[in-house]
Amino acid sequence: MKVLLLLAALGNGAVFGADAPVLIQNATILTVTNGTVKGSILLENGKIAAIGERVAAPAGSTIVDGSGKYVMPGIIDCHSHIMVDAINEGSVSVSSMVQMSDVLDPEDIAIYRALAGGVTTANILHGSANPIGGQTLVMKMRWGRNAEEMKLEGAMPGIKFALGENPKRRGNGPGNPGALRYPATRMGVEDVIREAFTEAKAYKAKWDDYKAKTARGEPALPPARDLKLEPLVEVLEGKRLVHAHCYRQDEILMLLRVADEFGFKIRTLQHALEAYKVAPEILAHGAGVSTFADWWAYKIEAEDAIPYNAAILTRKGVVVSLNSDDPELIRHLDKEAAKTLKYGGLSETEALSLITINPAKQLMIDKRVGSLEVGKDADVLLYDGHPLSNLSKVLKVWIDGHEYFDRDQDIEGRPKKEAEKKALEKKAAGARGGETE
Amino acid sequence: MRRGAFAALYDSFMTLKAPALMIMMALPVVAQTPGSYVLQNARVVRVSGPVIERGTVVIRDGLIDAVGENVAAPAGAWVIDCQGLTVYPGLIDALSRWGLPSESEGRGGPPARGPEDRPLNASWTKAADQIVPTDRVIQRVRDAGFTTAVVFPNGNIFSGQGSVIDLAGDRAGRMVVADSVGQYVTLRTSGGRGFPASLLGSIAYVRQIYLDADNYQAAKAIYEKHPQGLPRPAYDRALEGVLAAPLVLLPAEQEIEIARMLTLARDLKRKVVLYGGHEAGRGIDLLKQAQTPVLVSLKFPVKPRDADPAEEEPLRVLEFRDKAPSAAGALAQAGVKFAFYSDGVTNPKDLFRAVRKAVEAGLKADDATRAMTLAPAEIYGVADRLGSIEKGKIANLVVADGDLFAEKTKVKYTFVDGAKFEPLAEEPAQRPAARNSAR
């Protein structure tokens with residue numbers, strides 16, 4: 001058994017680290033954090049090993065000609081619901097006991113399509129059906145690997161909160177009366193959050209008391225472990241990031257005040273289309289904002305939005321990212337970023353930051369990903385033109401130095417896949433015909 | 001005297017060939033040992049050991065009294081010449097609804113507010129308490145060689161405890177071999193009425209219940225030691241139910257479900273068996289590492305009959321269906337314990353056709369037999385009494401005129417707890433959908 005495990009571990013290690021070094025030469029390299037370099041970038045042992053005008057190719061390197069091409073860090077989506085078999089546990093107003101990691105689907109084709117759009121990392125969130133939703137996690141788009149291997153190692157776990165129309169919708173009829181549940185108003189949403197954290201504090205106190213008693217040698221019944229309250233205690237202890245779905249400025253202020261009162265932090269405000277109205281308060285709390293470039297008016301609370309949201313917040317010093325929240329939008333986040341050049345006049349680097357280093361900071365994974373720097377993960381995109389141009393396409397995607405997407409290979413491989421499928425269809429039809437039912 | 005034994009005697013009287021009848025008439029004491037049979041000149045597939053090409057099996061008082069090449073026939077036994085016939089251990093359906101009333105639905109009541117309301121929970125119920133001995137499917141499958149089924153209540157997330165039952169008898173209590181062998185867990189949802197409304201919630205619920213059960217057990221033990229000065233733990237039948245079952249059955253058909261359930265199993269810290277298993281081939285490395293037994297469904301996935309012909313199916317779905325029959329072979333090759341189960345199929349012909357498919361897809365015939373005899377007995381901890389032809393084990397046997405799973409083979413006799421049955425000569429006309437066909 002031990003031998004087997006060891007072999008399995010070696011196998012993994014070998015796969016993850018066995019890629020030959022990759023040297024991309026003569027390219028325009030958009031590092032995001034250190035300007036633009038015309039030259040080469042070396043990916044070795046899963047990391048970025050060198051960036052410069054001239055980089056020597058180690059023995060056995062794969063050389064990629066980057067003439068006329070662009071290189072940028074892998075895109076990070078701070079709000080996604082791909083690669084899961086369930087999104088909402090909306091039956092209860094607090095569903096913090098549920099974990100997105102329980103329902104991961106590493107074979108969701110949306111992963112591959114996201115890769116083709118340059119996304120290498122995504123924050124997989126619970127839905128917004130309830131004020132306090134499920135536990136979330138950060139995944140790398142290591143297409144072809146299993147769910148465990150796709151988790152971004154060491155990334156801080158998160159939890160989804162939601163304010164406004166979505167969490168209160170279930171409190172309002174008509175529909176299945178059995179599905180009705182509190183809250184039905186924004187007041188109720190606040191109350192649910194307050195009550196949950198009051199409960200979480202009491203739960204923590206109960207455990208502290210139990211530990212103290214057993215330490216003194218007194219008999220004590222262990223408190224029952226409560227999977228709903230444990231993650232909230234982690235939030236209170238700063239061990240879990242809060243990603244809060246919100247739209248209106250009033251509810252944003254409400255949440256920041258509740259969090260300040262209970263002594264925890266909101267890591268990101270998601271959507272937050274009215275965040276531009278309360279930028280100083282957001283900055284003071286230390287929250288980031290993850291929003292859309294120009295997607296709004298799909299419901300009442302999303303009416304008072306402007307496409308300058310990201311730019312205004314950026315100018316005010318808030319860490320801003322653009323997210324997809326959608327398996328289609330996730331395929332062109334680069335073009336979403338480009339919109340901020342027009343709306344608000346962000347620089348190219350600032351625009352790229354919205355989908356790379358900024359979401360990395362929001363997810364506290366910026367030491368590993370989000371920019372092209374020596375020592376960081378080799379999560380790298382090769383484009384046929386400037387990434388912010390509508391005409392540019394992603395040609396290749398590396399994650400940890402391993403190539404996970406190649407546009408030419410994909411196109412070349414399509415007839416083979418088609419033939420494979422036809423053969424299976426034929427085989428299945430034959431088997432059915434031969435059966436007596 | 002047991003009524004069952006009389007029935008068996010009557011049955012034998014009606015069907016035995018002349019020589020055996022003469023023996024019976026010559027020995028008036030036979031009525032006192034009606035359960036004694038000698039199967040002579042048989043090919044004996046013991047499963048627990050090599051095949052005996054020409055041997056004898058002696059059945060007495062419902063048990064296997066002797067097996068071997070040179071076994072003397074005890075006085076007073078019914079002798080059956082099995083020239084050209086093969087004796088197998090009776091087949092076991094490893095996860096079954098045979099002999100149980102039709103599906104019980106989840107309880108009504110107000111929508112659950114969380115795991116604490118114990119939604120969709122009947123963990124304390126036992127299949128052994130629900131057996132319907134008159135269920136017509138019992139005779140149907142027994143005539144094909146099934147002598148035992150591991151039956152589980154269903155319809156809930158914690159559906160209840162499974163029981164090993166023998167497929168003959170007019171009293172439910174006599175049919176039970178083991179009353180609680182596992183807790184049948186499904187990951188169904190509330191259908192929108194309260195918690196859990198999604199797979200997310202169902203999995204979290206299962207995890208919380210087992211944590212609660214551990215806490216409950218610990219709290220009860222501490223309270224027993226110090227009843228004075230401590231609050232009394234509240235009695236909880238849902239937790240009593242999960243604590244009573246020695247195994248947890250978790251659903252895992254696809255590779256991702258296998259991965260998920262193995263992860264969950266590590267959290268539960270309990271002995272787990274997976275059921276479904278159609279993609280065990282793809283998940284074989286995980287299964288091999290975990291050494292978790294798998295119950296493989298004999299209802300292989302096919303394109304739904306009412307599928308939209310215009311809708312294109314993904315390659316992945318086609319592969320899934322194509323590879324399903326090879327799952328058992330992959331498990332056997334990897335040395336992971338597995339057993340077959342009927343998965344709602346009540347026509348034995350369909351089950352045997354599925355077994356043949358598995359053999360065509362790479363499963364060794366011996367392993368197929370084992371997957372329906374000794375393997376399920378081992379998985380459920382009853383291999384000391386069932387699953388192979390060994391002295392002292394329960395006399396559940398099937399006698400056929402050839403390879404049990406071959407299309408043309410006819411079952412001659414089935415023995416259940418030593419009582420002999422002969423299948424009806426003609427297959428009865430197809431009945432409308434059997435009551436228990438839905439799982």
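The values are calculated or read from the model by the stated rules, or taken from the named source; none is laboratory data. Please read these numbers as outputs of a predicted model, since none were measured by experiment. Counting neighbours? That spans all protein chains shown, and the Cβs are built from the backbone with ideal geometry, glycine included.
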* Structure fact -> From the option list A:Lys140, A:Lys160, A:Lys168, single residue qualifying as among the basic types (Lys, Arg), under 18 Å from the mean Cα position of the chain (by Cα) and either surrounded by fewer than 19 Cβ atoms within 10 Å (Cβ to Cβ) or more than 14 Å from chain B (Cβ to nearest Cβ) (or both) is A:Lys140
* Asked: For the stretch B:314-325, how many residues meet the condition of being more than 8 Å from chain A (Cβ to nearest Cβ) and surrounded by 16 or more Cβ atoms within 10 Å (Cβ to Cβ)?
  -> 4
* Residue among A:Ala86, A:Ala110, A:Ala49 that is within 27 Å of A:Leu388 (Cβ to Cβ) and in contact with a helix residue (DSSP H, G or I) (Cβ under 9 Å, 6 or more places away or on another chain) -> A:Ala110
* **Number of the condition not met by A:Glu251 [criteria: (1) more than 18 Å from A:Lys160 (Cβ to Cβ); (2) more than 22 Å from the chain's Cα centre (by Cα)]** => (1)
* To do: State yes or no: is B:Ile258 crowded, with 21+ Cβ neighbours inside 10 Å and touching a residue at least 60 places away in the same chain (Cβ under 8 Å)?
  => no
* Sole residue being in contact with a Leu (Cβ under 7 Å, 6 or more places away or on another chain) and surrounded by fewer than 16 Cβ atoms within 10 Å (Cβ to Cβ), chosen from B:Lys271, B:Lys303 -> B:Lys271
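Residues are listed down the side, and each one gets a yes or a no for (1) among the polar types (S, T, N, Q); (2) surrounded by fewer than 23 Cβ atoms within 10 Å (Cβ to Cβ); (3) at the interface with chain B (Cβ under 8 Å from one of its Cβ atoms):
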residue: A:Gly68; (1), (2), (3): no, yes, no
residue: A:Met100; (1), (2), (3): no, no, yes
residue: A:Glu107; (1), (2), (3): no, yes, yes
residue: A:Ala116; (1), (2), (3): no, yes, no
residue: A:Thr121; (1), (2), (3): yes, no, no
residue: A:Ile124; (1), (2), (3): no, no, no
residue: A:Gln135; (1), (2), (3): yes, no, no
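Kindly establish whether B:Thr369 is away from every other protein chain (no Cβ under 14 Å), assigned to a strand (DSSP E or B), touching a residue at least 60 places away in the same chain (Cβ under 8 Å) and not hydrophobic (A, V, I, L, M, F, W, C). Give the steps one after another, and end with the answer.
Details: away from every other protein chain (no Cβ under 14 Å): yes; assigned to a strand (DSSP E or B): no; touching a residue at least 60 places away in the same chain (Cβ under 8 Å): yes; not hydrophobic (A, V, I, L, M, F, W, C): yes.
Judged against the criteria, B:Thr369 is not a match.
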* Asked: Name the pairs whose Cβ atoms lie under 8 Å apart, with the first residue in the stretch B:335-357 and closer than 15 Å to B:Thr147 by Cβ, the second in a loop (DSSP other than H, G, I, E, B) and among the polar types (S, T, N, Q), and 6 or more positions between them or separate chains?
  -> B:Leu351/B:Ser342
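Take A:Lys421 and tell me if it is among the charged types (D, E, K, R) and not assigned by TED's automatic domain parsing to the domain that holds A:Ala310.
On the way: among the charged types (D, E, K, R): yes; not assigned by TED's automatic domain parsing to the domain that holds A:Ala310: yes.
Yes, satisfied.
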* Asked: Within the group A:Glu190, A:Glu261, which residue is of a type in the set (Asp, Glu), touching a helix residue (DSSP H, G or I) at 6+ places or on another chain (Cβ under 7 Å) and either free of Cβ contacts under 8 Å to residues at least 40 places away in the same chain or assigned by TED's automatic domain parsing to the domain that holds A:His285 (or both)?
  -> A:Glu190
* Structure fact -> Considering the stretch A:198-225, residues that are of a type in the set (Lys, Arg) and part of a loop (DSSP other than H, G, I, E, B), and then whichever is farthest from the other protein chains (Cβ to nearest Cβ), we arrive at A:Arg216
* One residue from B:Ala112, B:Ala72 being among the small types (Gly, Ala, Ser), farther than 19 Å from B:Asp343 by Cα and surrounded by fewer than 23 Cβ atoms within 10 Å (Cβ to Cβ) -> B:Ala72
